[in-house]
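Input: a single structure, listed below in structure tokens.
The values are calculated or read from the model by the stated rules, or taken from the named source; none is laboratory data. Values in this document were obtained by computation on a predicted structure and should not be read as measured data. Here Cβ is always computed from backbone atoms with ideal geometry, including for glycine, and neighbour counts include all displayed protein chains.
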Amino acid sequence: MSKYPWLLFHPNIPLPLHGLAPRVIKGQQWWNQTKREAKAKLDQHCWACGVHKYDAKYHQWLEAHECYSINYGKGEVKYVGTCALCHACHNYIHDGRMQMIVGSPDFPHQKYVDIIEHGETVLKEWFELKGWQWKGYKKAYQPMTLYFYLYPELPPFSNKIEWIEGIGEAEWNDYHLIVDGKRYEAKHKSYEDWLRFYQ
Ligand SMILES: [Zn+2]
Ligand SMILES: [Zn+2]
């Protein structure tokens, strides 16, 4: 059972918005409820690869991921809902974070390689099912350019989520988050700010 394999194309969260998320804005109680609903929706199966949590690799649990539509031209990041993913699929999506911690005791290089391979296998199987030509896909810090470059012909995945090309067009301070129609400004006011905070 694999319902939404395209979720694996979900880009990394743009740097200016790190530390800002619906779970931060709406609080723990909302987040607990939202996580519970996301996991129950597909009966404890990963939304991207379809594995049941008890059969998942690394951890026999699901992790909740906040999903966004992102317009890189305008710097607009809009919360559209939360999905539940196995540890491997979730890490595949957050590969920017993964690249920062790979090589640490908790995250050996082989785990990184396995997770990239897991994500690519799920995507490849989905492409074959659709009769689309698989040209590979390897996420990087700026995944959108690569994704549009490789697959300009893919139809929209859903009417809810949209990732619009235009990396580099919006300024750092254009980036903002929309949750329930309300606008929230970036937490880090510049790249230097971001660096100071995370290093
Ligand atoms: Zn999965
Ligand atoms: Zn996530």
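Kindly indicate whether any position in segment 48-65 is in contact with a helix residue (DSSP H, G or I) (Cβ under 7 Å, 6 or more places away or on another chain), closer than 21 Å to Y184 by Cα, within 14 Å of ligand 2 (Cβ to nearest atom) and of a type outside the set (D, E).
yes
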Single match in L154, L177 (criterion: more than 23 Å from R23 (Cα to Cα) and either among the acidic types (D, E) or surrounded by 14 or more Cβ atoms within 10 Å (Cβ to Cβ) (or both)): L154
Pairs needed: first member in segment 181-199, at positive phi; second member anywhere, exposed (fewer than 10 other Cβ atoms within 10 Å of the Cβ); C-beta distance under 7 Å; at least 6 residues apart or different chains. none
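Rundown of residues vs (1) within 22 Å of K182 (Cβ to Cβ); (2) not in a loop (DSSP other than H, G, I, E, B), yes/no style:
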position	(1), (2)
N12	no, no
V24	yes, yes
W31	yes, yes
A40	no, yes
K57	no, no
W61	no, no
Condition first: crowded, with 16+ Cβ neighbours inside 10 Å, closer than 24 Å to L17 by Cα and modelled with pLDDT under 95. Can you find one or more residues in segment 132-139 that meet it? yes
Subset of segment 80-97 (residues that are in contact with a Phe, Trp or Tyr (Cβ under 6 Å, 6 or more places away or on another chain) and either more than 14 Å from ligand 1 (Cβ to nearest atom) or part of a loop (DSSP other than H, G, I, E, B) (or both)): G96
Residues of segment 25-84 satisfying the condition of being buried (at least 17 other Cβ atoms within 10 Å of the Cβ), modelled with pLDDT of 95 or more and of a type in the set (F, W, Y): W31, W47, Y68, Y79
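Quick one: count up the residues across segment 130-183 that are of a type in the set (D, E, K, R), part of a loop (DSSP other than H, G, I, E, B) and touching a strand residue (DSSP E or B) at 6+ places or on another chain (Cβ under 6 Å).
The qualifying residues number 2.
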Which one is nearest to E37 (Cα to Cα) among residues in segment 77-94 that are out of contact with any Lys or Arg (no Cβ under 9 Å at 6 or more places or on another chain) and not hydroxyl-bearing (S, T, Y)? L85
Test E76 against the criterion of being closer than 30 Å to K187 by Cα, among the charged types (D, E, K, R) and touching a helix residue (DSSP H, G or I) at 6+ places or on another chain (Cβ under 6 Å), and give yes or no. no
